[in-house]
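J.: Sharing a structure with you now.
Readers should treat all values here as calculations from the given coordinates under stated rules, not as data from a laboratory. Keep in mind that what you see is a predicted model, and the values were worked out from it rather than measured. All Cβ positions, even for glycine, are placed from backbone atoms using ideal geometry, and neighbour counts span all protein chains on display.
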Amino acid sequence: MGDMGRGHRPVPELGGPGIAAQTPTMDDISRAQHDDADEEHHPKLISEPIKVEMEAPPGGVYAPVRMHWRDETLEITAVLQVFAEAGLPRTARTDGWWLRRRRTHWIVRASDGHVYQIYLDRSGKRRDWVLLKRIE
């Protein structure tokens, strides 16, 4: 085939061993269907607005204690992790200050037993809470 250049690999021929190895078997399909049915163990993207109540114990820092989502109130029983996200989205074509993200994320366990990732979006003048995903 000659020199393909750095970083290039030849494409397998149609019907060759590379293609046959990628063809799913009935076992693969059955396993995938079972995995879809067992969604409870996989992260589930939600990305919906929520309302959050924050409280601080005496001498402590503010943390979410309750979230309201879809007409349901969930008590936050544990804060498992906190981290900040700042910078431009990957899709930004310019370095405008108005595009910068400022988010504080919390991984929390709620009273329904699930673990969720929520964040406070502090971009610009906004102060929006979002339920990003259910982790478990």
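J.: Tell me which lysines have Cα within less than 22 Å of Lys125's Cα, excluding those fewer than 8 residues away on the same chain?
T.: Lys51
J.: Assuming R0 = 25 Å, what is the FRET efficiency of Met54 and Ala86, from their Cβ-Cβ distance, to the nearest 0.05?
T.: Working: r = 20 Å, r/R0 = 0.81.
For R0 = 25 Å, the calculated efficiency reads 0.80.
J.: Using label points projected 7 Å from each Cα along Cα→Cβ, tell me how many nm separate Thr104 and Arg126, to one decimal.
T.: 1.7
J.: Count the net charge of all other residues whose Cβ sits under 12 Å from the Cβ of His68, scoring Lys and Arg as +1 and Asp and Glu as -1.
T.: Surrounding charge for His68 is -2.
J.: Skipping prolines and chain starts, which residues have an amide H placed within reach, meaning under 5 Å, of the one on Arg122, given they are 5 or more residues away or on another chain?
T.: Here Arg102, Arg103, Thr104 satisfy the definition.
J.: What is the gain in length, in nm to one decimal, between Leu45 and Arg66 on full extension, counting 0.36 nm per residue of separation less the C-alpha to C-alpha distance?
T.: Numbers: separation 21, 0.36 × 21 = 7.56 nm, distance 1.99 nm.
Using 0.36 nm per residue and subtracting the Cα-Cα distance, I get 5.6 nm.
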